[in-house]
Amino acid sequence: WAWALAYLALPLALMAPIGRRRPVLDGALIGGAMAMLALLKITYFVAFAPAVLIGLMARREAAGVLAALLAGLAVAALATALLGVDFWAGYLRDLMSVAGSETRAAPGDSLSMVMTGPKYLGGSLLALFAVIFLRQAGERAAGLALLLLVPGFLYVTYQNFGNDPQWLPLLGLLALALLPGAGVTNGLGWNLRPAILSLGVAALVLGAGPMQNLLLSPLRAAMMPREGLVPMLTARPEAAGLLVSAAHAYGVQRRVSGAEPGSAAAALTDRVPEKDRPKPVVLNGETLPACTLELGGQGWFETTAADLQAAGFGGSAVLVADLLSGLWLYGDFRPVEGAAPWYYAGAPGIAAADHLLVPLCPSQAKYSATMLKAIAAVGWRLEEERRSADYILLRPVRD
């Protein structure tokens, strides 16, 4: 959705209209789209806002800038009316938490890899050449705005899981839309029309794979056979249409360390630099065994929920020390106020949790270790209540 809004706002800001100018309408559409970006994915707003502003100002469209500002404020006012003033403070806290997260600030390749890695270098060079050629062709405003956009394109690619360069088709379309007339050359005598045409086609070709995925995924979902699929959130009847492969949901697979203390390979651990070793999960001074749940997370949640309910813990608010914490989606439990099903950083929800559940084989141990460290840092003591082969249940106590 963020890219869909960006594909609306950026061409309106970068390109002069064909025919009669409508600065107020264009500005209102840009402002509304940018405000929605701020609410949906604020990194896109931060990355693209300078280029949008420069694009409008370079065309001397004061009315467009004013309309964009008013439309953005209108969206902000509507959000405040619907969600309350506290929403903004909570949103800011969430952003600061994610920005400072040890585990989720950048969930993929490094920024240098996204800029110059083998998968990305071609796109980065195309973007830079597009800036140069458009400026040389007389599209100075669009070229300047695109120059500001290139770092933004690279940043949002770096910041999003999968590092998919969804901006490449937009670059190609902009290049084709801004083709100069025949005979326009630069200082080296190069004919810029075929140069920019070739650049635009190359960008569209490089971006064809990601765009094809976006376009065809709804069709694949609609035509996919339902055999072998099961409901994903078994305790939420309203989500019965959300299906997942039974093999993925229940085919439990675990990865354990081959260098556990006492094993023949234990001494090999010392040969691995400390920074490259898996972060151990330490609970009340006990280092838990190195284990990762590779597959079957839904099955783990369902069996854990059933076991806790049988032991008399049903109806309580249970926080799970792992990447996913939505135990209430799989059994008779209450959501933990202040927490979320997806963990980023800190100890959100610990004050409202009746119990903390530490998996003995989490989906990713670094999240368990990070949460337990954060819980201890804010002054909570954990008293063990129950231990099974799959988890340790504890009661948070304020020191």
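The values are calculated or read from the model by the stated rules, or taken from the named source; none is laboratory data. The structure displayed is predicted, hence computed values, not measured ones. Cβ sites come from the backbone with ideal geometry, for glycine too, and all protein chains shown count toward neighbours. Calculation scope for accessible area: heavy atoms of the full protein, side chains included, ligands and nucleic acids excluded. Shrake-Rupley method; radii C 1.70, N 1.55, O 1.52, S 1.80 Å.
Structure summary
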read-out	value
Odd one out for E286, checked against (1) acidic (D, E); (2) more than 26 Å from the chain's Cα centre (by Cα); (3) farther than 19 Å from L357 by Cβ	(3)
Residue that is nearest to L288 (Cα to Cα) [pool: residues in the range 356-373 that are open to solvent by 20 Å² or more (accessible area, probe 1.4 Å) and outside any loop (DSSP other than H, G, I, E, B)]	A365
Residue check, E384 in a strand (DSSP E or B), open to solvent by 30 Å² or more (accessible area, probe 1.4 Å) and either aliphatic (A, V, I, L, M) or at pLDDT 90 or above (or both)	yes
Unique residue being closer than 23 Å to Y91 by Cβ and free of Cβ contacts under 8 Å to residues at least 24 places away in the same chain when the list is P348, P335	P335
Exclusive hit being in contact with a helix residue (DSSP H, G or I) (Cβ under 6 Å, 6 or more places away or on another chain) and either part of a helix (DSSP H, G or I) or not aromatic (F, W, Y) (or both), set A16, A38, A4	A38
Of all residues making up the range 291-325, the number that are in a loop (DSSP other than H, G, I, E, B) and over 25 Å from the mean Cα position of the chain (by Cα)	6
Inter-residue pairs, beta-carbon under 7 Å, first more than 20 Å from L78 (Cα to Cα) and in the range 4-32, second open to solvent by less than 40 Å² (accessible area, probe 1.4 Å) and part of a loop (DSSP other than H, G, I, E, B), 6+ apart	M15/L178; A16/R59; P23/E61
Pairs with Cβ under 6 Å, 6+ apart, first in the range 151-172 and at positive phi, second buried (at least 22 other Cβ atoms within 10 Å of the Cβ)	N163/V114; N163/T157
Criterion: open to solvent by 80 Å² or more (accessible area, probe 1.4 Å), of a type in the set (V, I, T) and out of contact with any Phe, Trp or Tyr (no Cβ under 8 Å at 6 or more places or on another chain) - qualifying residue of V65, V24	V24
Residue within the range 181-202 that is over 28 Å from E294 (Cβ atoms), open to solvent by 30 Å² or more (accessible area, probe 1.4 Å) and of a type in the set (K, R) present	yes
Selected residue [surrounded by fewer than 20 Cβ atoms within 10 Å (Cβ to Cβ), touching a residue at least 24 places away in the same chain (Cβ under 8 Å) and not aliphatic (A, V, I, L, M)] from D399, D322, D307	D307
Residues satisfying the stated conditions in the range 337-350, i.e. open to solvent by 40 Å² or more (accessible area, probe 1.4 Å) and within 11 Å of V318 (Cα to Cα)	E337
Members of the range 220-247 that are assigned to a helix (DSSP H, G or I) and more than 28 Å from L327 (Cβ to Cβ)	R220, A222, M223
Enumeration of residues in the range 227-242 that are within 14 Å of G297 (Cα to Cα) and either among the small types (G, A, S) or at pLDDT 90 or above (or both)	V230, P231, M232, L233
Hits in the range 248-290 (condition: in a helix (DSSP H, G or I) and loosely packed, with under 12 Cβ neighbours inside 10 Å)	A267, L268, D270, R271, E274, K275, D276
Flag if A58 is surrounded by 15 or more Cβ atoms within 10 Å (Cβ to Cβ), small (G, A, S) and closer than 20 Å to P165 by Cα	no
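Here is a yes/no grid of residues against (1) in a helix (DSSP H, G or I); (2) within 23 Å of the chain's Cα centre (by Cα):
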position	(1), (2)
Y91	yes, yes
L95	yes, yes
G108	no, yes
M113	yes, yes
K119	no, yes
L126	yes, no
I132	yes, no
G143	yes, no
